[in-house]
Structure formats: structure tokens, C-alpha cells
Amino acid sequence: MKLTYLLFACCMTLPSLNAVAAKLQIVFTSNIPNIIDDDDKVGITQLAGFYENLEKRNPQGVLFLHGGDSLFPNALSNYDQGAHMIDVLNHLPISLMFANQSEFSLGVDNLSLRAYEASFPLILSNIVDTRTWDSIEGIQPSYILSANNIDVGVFSLVDSSITSNYVIPNVTLLDLQNSIDDSAESLKEQGADFIVLMSEEDLLVKLEGVDLSEIDLLLLANSGEDYVDLNAKPVRVKSGGQDGEVALISIDTQHNIEATIQSYASSQSSLQLELVIQAYVNRIDSFLSQYLYTTTQEISTKREDSRVKETVFGNLVADAIRAYLSADIAIVNSGSIRGERIYPKGSQISRLDIRQELPFGSAVYAIELTPQELKKVLEHSLSGLPQAKGQFLQVSGINIEYDSQLPAGKRIISLKRNGQALTQNTYSLAVSEYLLKGGDGYAMIANKKPMSNQHYSRLTWEIVSEYLLANENLVSADIGKRLIDLSQ
């Protein structure tokens, strides 16, 4: 990942950090949900070591602002609802954390429990609990941090897409501009003299259309390319992901700002944090390390593949839950596939791999749909193309011919099952609990009553693991027949 500076004049050069009398330094990152590291990812133990070294050089002058999206998804959170991540994060010197979208994966009440376990404040400014018409219990709307005589007021905003990405009843989003104005005014009344807004990349377009004149620094959580824009008003910094990089921002007494993207990949790991993490890993290592399958071809779980077309892994997941529920058809939202990996031919896939690919805790159900209702579901799946969106469905038990160039809602050309048109009055459809509650915009099946005796508590990753173990020879490399884009 490369640092990108966005400059108005290509001939400008940035002064070094030493050119600014740095009274305060802010470390910022986000999207670090895994304590079990892949070979190509840098661990949070090294991030802890990076901060420790920084604090030695600037005692009492460093703040660690965490952009969230880190309690979920990961290999352990469905066992303990994210409690282990809070324990791990408590061993990092975090000043505060933005309660971002994925922190809502298991609902508002679970987030409240995790917030009370945290040794640092979690903040979110534009969501209220409709049961109390106040901030979510345990979550602060804003917070003031002090370091080296600078009082930093911080608030955070989440994008409205959270209500379709996650099933979170009993909450409502506040008006964006009002949230900004009210939060900045409140923080200044409390004595803050430097205002930081933490948000997410998905909200950036909307933020560019509102008044940010009261904001000094905009921090954006993301898992993509990090960058710094010192010429933006306010100064804009984006950082996140397990890529071995963080943003380091320096602020002097006149509130002049310098910022760079720093690597912590070579930092010495924190021994204390390593011991904490190893204790969690040891609990499930022997079970999760069991190998289930050796790949006979390359398999991709990259979002640029699974969110726009049929994939081997998507077929596997859909086949597994259809078999588990003995359903006619199965659908899997590609946004639930999160491994972001390429498995070369000959790779050994373990339970841990499956768990990391399917980290969200979701039971599965069978519901009944008419062919017309099923078509509406599948049209919604295709409506996001050509963009790679999580609503795109991987399927089993049905063949879909469509034209992605046609208007959204009118893209399906034909639907067939076993080579025949859909002629039955209804079909049983295997779906996740997330989709059944209307997640990813599937309001057309929200709260459909599950078929009798079809309430199962096993999670998707467990179902897929057992299916793979029992049906190794059934994993098909023959793709391209379930989802056929006639425009290609």
C-alpha cells in the first residue's frame, strides 16, 4: 500500500514532521478485526510496539484514535460476541474508539455490553436508541481528550448504509448537518479547542456536501489505500486495514497539522499483548486447525470476484446450507464472504479458513416463496451490478440468465431449476437470519415466517465445514452455469 498525497500544486513539497513543533501526536487506524494473522498481514502486537516506541519519544503527548470496524468479523467473535477483541484492545493504549458499522454485527445490546468492558470510551454521534431517545447505552456521543495542553474534542458519524448492512432494530439516524453542528458546538462549550470528526469512507461523498467549517481534522476509517490530504478543508486523513501502516498526525500549539502514513511492520511486538492473544488462540487451535479439503483448482474469495459473479466458494456455501435444510434453493449474500484470499491449487483448507471466510454469526432458515417473490429477490441481487456489492447472491438449486446492461429490476431473462421453468406454486428457500431480517436491502423477505421445524442454531461456517468434510468430492470446479450474464 502506498501513501498518496493529494496536492493542489504538483510542485509543492511537504515539510518534514520535524519542521512542525509537535505538541501533540495522533495515531489513527481502523479495520483490524483479526488477532490470528495471515502470512501477508501484520499483527496488532507490532502496532502496540510501534505506539510504545512513539510514546517513549513523546511522553504524555500521544493519542491513539481507533476508527473501529474491529470487533467483527473474526474467527472468535461468534463464540464470545466480541469480548475477546475488547480484551485485546484493552491491552493497546487506545484513547477512544469510533463505534463503526461492524461493531453492530450482533445488535445494539451486545455493543452496549462490549462498551462497558472496554477501558476506553466508544463514541458515536448520529445514532440514538429509540427505546430511550438517547445515545446507545454505554456509547458516548462525543469525548474530549487532553494532551500537552491541547484539548481535543472528538465525535463520530456513521453512514446511513448501516441500517441495510446490519439488522439493528430500535435505532434511528440523526440528520447529518445537525449532528455535525450540535457535536462541534457542544465540544467547544466544554472547552475543546481542536475538533476531530471520525467517520468512514462510505460517508465521504455526503460529507463533501455539508458545512465542515467547525472541523479541524477529518479521520476516515477504511480498509483500502491510506492517504493524507493536507490541502483539504478540513485536513483529511484515511487509514485502516491489516497492512502494517497507520496515520501519524502532528499538531502544534497554533493547530498547524502535519501528517504521514507510517509503517509499523518492522516494529518489535508487544510481548504482553502476544501472551494475551496466544491464550485465546490456544483455546480453539486444535479444533480449527483440522484440514477439511485440498483444493483441485484455484479458489478466490476476493470481493471483486464473489460480489459480481458465480464463484466456486460461493457455490460451496450455497450448496452446504441447501443440503443442511433440504431446501429447493439456497441464496448466500456475497457480503458474508470476508476472507479476501486466493487459494492456489493444492491448498489445504481448514476449519479456521472457513471460519475466517464466513465470520458473521448467522443461523440459517428455510422459507417458502412463490416464483414471483423469488424473482424479486434475485432482481435485487443483480441490481447493484456492475458495482461489487455485498447484496449480490451466490446461489444453489437454480440457474439464472440475466443481462447486467438492462435497467435494474428488469435484468433477469430466465429462471430455471433442473433445466425446467419454475412451475411450482412455491419453493423452499434457504437463507441466513441476516437476510431474513431484511439485511442488505432484502426487505421483500423481511420477517417471512420460517417453515415449520426449520429453526436451526448452527452457524453457516459450521455447516459449511461439516459439509466439506463429508462431501469433499462434491466440491465442483464446474462454474458458470448458475449465474450467466448474457451481456458478457
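The values are calculated or read from the model by the stated rules, or taken from the named source; none is laboratory data. Worth saying up front: this structure is predicted, and the values here are computed from it rather than measured. Don't worry about glycine lacking a Cβ; one is built from the backbone with ideal geometry, like all the others, and counts go over all protein chains shown.
Taken as a whole, the condition of being buried (at least 17 other Cβ atoms within 10 Å of the Cβ) and more than 19 Å from residue 99 (Cα to Cα) applies to residue 249.
When residue 120 is tested against the conditions (1) modelled with pLDDT of 90 or more; (2) part of a helix (DSSP H, G or I), the lone failure is (2). Apart from one condition, residue 234 fits all of (1) without any contact (Cβ under 8 Å) to a residue 40 or more places away in the chain; (2) farther than 30 Å from residue 317 by Cα; (3) exposed (fewer than 14 other Cβ atoms within 10 Å of the Cβ); (4) not aliphatic (A, V, I, L, M); the exception is (3).
Please enumerate the residues belonging to region 44-68 that are among the acidic types (Asp, Glu) and touching an Asp or Glu at 6+ places or on another chain (Cβ under 7 Å). Result: no residue meets the conditions.
Taken together, the criteria place residue 150 among residues that are in contact with a strand residue (DSSP E or B) (Cβ under 6 Å, 6 or more places away or on another chain), farther than 30 Å from residue 333 by Cβ and at pLDDT below 95. Once region 141-161 is narrowed to residues that are among the β-branched types (Val, Ile, Thr) and surrounded by fewer than 21 Cβ atoms within 10 Å (Cβ to Cβ), the residue that is farthest from residue 128 (Cα to Cα) is 150. Looking only at residues in region 393-411 that are part of a strand (DSSP E or B) and more than 21 Å from the chain's Cα centre (by Cα), the one that is nearest to residue 304 (Cα to Cα) is 395. Starting from region 169-181, keep only residues that are within 15 Å of residue 195 (Cα to Cα) and acidic (Asp, Glu), then list their pairs with residues that are surrounded by 15 or more Cβ atoms within 10 Å (Cβ to Cβ) and at pLDDT 95 or above whose Cβ atoms are within a distance under 9 Å, requiring at least 6 positions of separation or different chains. Every condition considered, the pairs that remain are 181/214. Taking the numbered list (1) part of a loop (DSSP other than H, G, I, E, B); (2) within 16 Å of residue 320 (Cα to Cα) in turn, residue 466 passes all entries but (1).
Give me the residue from region 84-98 that is within 19 Å of residue 135 (Cβ to Cβ) and in contact with a helix residue (DSSP H, G or I) (Cβ under 9 Å, 6 or more places away or on another chain) and, out of that set, surrounded by the most Cβ atoms within 10 Å (Cβ to Cβ). The extreme case among them is 97.
Filtering 335, 390, 346, 384 for residues that are in the same structural domain as residue 444 (by TED's automatic domain parsing), in a loop (DSSP other than H, G, I, E, B) and under 22 Å from residue 32 (Cα atoms) leaves a single hit, 390. Scan region 99-140 for residues that are charged (D, E, K, R), over 20 Å from the mean Cα position of the chain (by Cα) and surrounded by fewer than 17 Cβ atoms within 10 Å (Cβ to Cβ) and the total you get is 4. Report, by residue number, each residue of region 324-345 that is over 18 Å from residue 365 (Cβ atoms) and more than 22 Å from the chain's Cα centre (by Cα). Listed by number, the residues that qualify are 344, 345. Where strands (runs of 3 or more DSSP E) sit wholly within region 218-316, those with at least 1 residues that are over 30 Å from residue 202 (Cα atoms) occupy 291-294. Looking across 438, 409, one residue alone is at pLDDT below 95 and either under 30 Å from residue 294 (Cβ atoms) or not hydroxyl-bearing (Ser, Thr, Tyr) (or both). It is 438.
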